[in-house]
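Notes follow once the structure below has been shown.
Derivation of every value follows stated rules applied to the coordinates shown; laboratory data play no part. All figures in this text were calculated on a predicted structure; none of them were measured in a lab. Counting neighbours? That spans all protein chains shown, and the Cβs are built from the backbone with ideal geometry, glycine included.
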Amino acid sequence: MQELAIRAVPVQVRCEFDDYQVVVYETEAGELTAVGSLLCTEGECVLHGTYSQHKKYGKQFQVTFCEEVLPTTPEGMKRYLVSSGIAEIGSATADRIVDTFGAETFQAMRDPIRLAAVQGISETKAEKIVASFKKCQELHEYVQFLADYRIPSGKTQEVYQKFSGIPDALSVLQSRPYLLCMCEGITFAMIDAVQKQREGFDPIHGDRICFALSAVMQQNEQNGHVFMQKEDLFEKAVNILRTPGCDRSVFFPYMQAGLVYLVKNQTLIYDSGVLYRKPMYLAESESAEKLLRLLWDGQKQKLTKDKIDAALVEAEKRQKLALSKEQRNAVSYALTETVSIITGGPGTGKTCLLQVLICAEEMLHPEGKLTLCAPTGRAARKMAESTGKVAVTMHHLLEIRQEEQEREEEEELKLSTDLVIVDECSMVSMQLLYALLKALDKGTRLVLIGDCDQLPSVQAGNVFADLIGSQVFPVTYLTKTFRQKQGSAILTNASCVNRGRGRFLWNTDCMLCQTWQEEDTLDGLLQVIRALQKQGISSKAMQVLTPFRSKTKLGCIQLNWVLQELMNPKTAGTVELLVGSRCFRKGDKVMHLENEEDVSNGDVGYITEINQTERKLTILYETGVERTYTSEEFSMLELAYALTVHKAQGSEYDCVILPFTKIFGRMRQKNLLYTAMTRARKKLVIVGNEETLWYASGNRMERRNSYLGFRLMDGNRMRKVAHNERKLKTVI
């Protein structure tokens, strides 16, 4: 079918989700409904594409490329001047400019002398208008350039600012487009896919080689690793560099040259025989140094055993709790050591221990300042609820954005506090630990609490396991279970998985719905939910967890569509709102995906009101917070009938339903299964089979590349040697 080019003006945005849009345009032939990505929603444009017939929505124009153009009519020019955000121009000024210059309006906008002749525009104002118009035109050129690479127009300002210090920046980017990979969210694959189709494409161009190496290093961190072996780097890089007719061996000498360049300019750091991206190298090496400084140079509390015991007895009395021996040991370490670690599974008394610790700390140091924090909003809120104290996310405490791991301000933050307690430490990444340690004074004590058998952080690092494995700090292992009654099948089976041996116990607390294939597992899961509903278990008490976000019918996204129809089906009078490929209904269970002041990443709530006319959703969260979302904020929301196991970490639910079969492939891992099972408070239903469970129990997660533990051990050994030498000199 022949591709058409149609001049159009947007009239209405019917649907907008990520980069997919449905927009109604006015054309010479009448209204046109266009679908595609990166569509213009303001100002005149030329749509390139073809017509198609949708089964439900009828005739549509499938846009392959949307080109913004300057308007030619007086009304269009006035609208453009007002809507483009040009400094000093409002409706009245725009009218006077267009009335004065007519068809030459845009030429006049580049000439401050001509503009100053317009009534109400001074020479100073004219200079500002010209400078602002020039920037708008440059941004327009950037939009056109970035559209070639399928980069959303929302990225234009970021790219413009990134390269604003380079003379003739756009020309530089046009000749060296791989430089765009320096902007967050613009990947090597996006640029490379376009470049490969261009005439004169050079597969061994220096920029292509260097940014391919950098892309592999970034992907390595996204997979959880802190460093990478050179051999692995080259092997993975050559896979994305390969092109038809170009043997892979051709790339190795160029990759070696590229690596030398990246190490020389310190984009990558070569240390201890491995490669790091510079930010990750600083995070690992300096975190180890700062922890050792706390350990060796910090001030241990000079408290006698009798004083500690007396404080513990009184704290237990006030909290109406009786600690076990191992819990008391943990509190003693926390009260005296500069760094101490507490690890234990669900129900082993970490919360009770924390309550007694805080009480004893306040008795022993009534003037001291205590800081409680956790890596996620839900974990921090749970900490606050159990202790009655203020607890915040680490990001909030350290004044860093959720998606970033470093503060935006250059001024170094210092926390004025005597004791910092961090809960859910298995979820702390390398960068987040580094941000915390940079903010601590050497006199601050640090207590880290978590479960070393759970999943590590989503970001790079194996922090909690490395700290424990280094054997540098005092560690208390909580092994006795208090929360669930003895003989609980949930804990028995979780223990079987964790130890890799034993016998599964199936009863009313922990059930197995045996399935093998993907379709059978999905059917079984739906049957389980219907059966639980008949037993009187509400949908709000249930939570489906899955290892995958997508990829299969048992992935989180696909399950949410199916579960929405089961738990909140559309009936006569159902109010719903279409958002791209998604549908939100009144009563839907949803999750917020970003950390904000009133709502945290991972908070779950229910849609209480939908305004279809204004395209707004009102949600009442389980925390009691009510919030209304506009269409621009819908990307912060997703259905939450099913969650990934990673997203559920740090939370607990009365009833957990877990599909777990061979379809999940490499995600059949011990710590993932253990984490999923231990989210259940009262009832756990696994839809799968014992063969897959036993496979997972023997399948440890791929070891993450991290030298934090080794740096701690080596640094501690060297400090001990230096300390002993000083003692020897003193004796001599």
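Leu593 versus Arg719, label points 7 Å from Cα toward the beta carbon: distance in nm?
The two pseudo-label positions are separated by 4.2 nm.
Can you list the residues of region 70-90 with backbone N under 20 Å from a point 7 Å past the Cα of Glu138, pointing along Cα to Cβ?
Hits in region 70-90 for Glu138 at 20 Å: 70, 81, 84-89.
Please work out how much length the chain gains when fully extended from Thr73 to Glu367, using 0.36 nm per residue of separation minus the C-alpha to C-alpha distance, in nm with one decimal.
That works out to 98.6 nm of additional length.
Given a Förster distance of 51 angstrom, what is the FRET efficiency for Tyr51 paired with Arg726, based on the Cβ-Cβ distance and rounded to 0.05?
For R0 = 51 Å, the calculated efficiency reads 0.05.
Multiply the residue gap between Ser631 and Tyr695 by 0.36 nm, knock off their C-alpha separation, and tell me the result in nm, one decimal place.
Gain in length upon complete extension: 18.6 nm.
Determine which lysines satisfy two conditions relative to Lys616: a Cα distance under 17 Å, and not lying fewer than 8 residues away in the same chain.
By straight Cα distance, Lys616 reaches Lys586, Lys589.
Sort 553-560, 657-664, 511-518 by the packing proxy (mean of other Cβ within 10 Å over each peptide's residues), most packed first.
Descending mean neighbour count gives 657-664, 553-560, 511-518.
Taking the Cβ of Glu28 as the centre, find all other residues whose Cβ is under 14 Å away and add up their charges (Lys, Arg: +1; Asp, Glu: -1).
Result for the neighbourhood of Glu28: -2.
Can you work out the Karplus-derived ³J(HN,Hα) for every residue in region 213-221? Use 6.51 cos²θ - 1.76 cosθ + 1.60 with θ = phi - 60°, whole Hz, and x for glycine or proline.
Each residue of region 213-221 in turn: 4, 5, 5, 5, 5, 5, 4, 4, 5 Hz.
Net charge around Gln144, counting only other residues with Cβ within less than 9 Å of its Cβ (Lys, Arg = +1; Asp, Glu = -1)?
With Lys, Arg at +1 and Asp, Glu at -1, the neighbours total -4.
Tell me the label-point distance for the pair Val458, Thr243, using the 7 Å Cα-to-Cβ offset, in nm and rounded to one decimal.
3.6
Which number comes out as Rg/Rh for region 304-403 once both Rg and the Kirkwood Rh are worked out on C-alpha atoms?
When Rh is taken as the Kirkwood radius, the ratio is 0.98.
Within region 640-669, which residues have the backbone N less than 17 Å from the label spot 7 Å out from Trp516 along Cα→beta-carbon, could you tell me?
Inside the label zone: 660-665.
Suppose only helical runs count, i.e. DSSP H with n ≥ 4. What mean residue ellipticity at 222 nm does that imply for the chain under -39500 (n - 2.57) per run, divided by all residues and rounded to the nearest 500 deg cm²/dmol?
Helix contribution divided over all residues of the chain: -12500 deg cm²/dmol.
Could you tell me the relative contact order of region 203-271? Use alpha-carbon pairs under 8 Å, at least six residues apart, and round to a whole percent.
This gives 40 percent for region 203-271.
What does the extension gain come out to for Lys540 and Glu123, with contour length at 0.36 nm per residue minus their alpha carbon separation?
This chain segment gains 143.6 nm when fully extended.
Placing +1 on the Cβ of each Lys and Arg and -1 on the Cβ of each Asp and Glu in region 114-211, which of Ile129, Met182, Gly206 has its Cα farthest towards the positive end of the resulting dipole?
Ile129
For Asp271 paired with Ala572, estimate the spin-label separation in nm (one decimal), with each label point 7 Å from Cα along the Cα-to-Cβ line.
For the pair Asp271/Ala572, the computed spacing is 7.0 nm.
Hey, what D do you get for region 88-170 in µm²/s if you plug the Kirkwood alpha-carbon radius into Stokes-Einstein at 4 °C and 1.567 mPa s?
Here the translational diffusion coefficient equals 92 µm²/s.
Counting only C-alpha contacts under 8 Å and six or more residues apart, can you give the relative contact order of the chain as a whole percent?
Relative CO of the chain lands at 10 percent.
Take every Cα pair under 8 Å in region 281-478 that's 6+ residues apart, average their separations, divide by the length, and report that relative contact order as a whole percent.
After rounding, I find 29 percent.
What do the square roots of 5 times the Cα gyration tensor eigenvalues come to for the chain, in whole Å, largest first, as semi-axes of the equivalent ellipsoid?
Three semi-axes, in Å: 50, 35, 28.
For Lys320, list the lysines whose Cα falls under 30 Å from its own Cα; do not include residues on the same chain fewer than 8 positions away.
Lys300, Lys302, Lys305, Lys307, Lys350, Lys369, Lys382, Lys389, Lys480, Lys485, Lys682, Lys683
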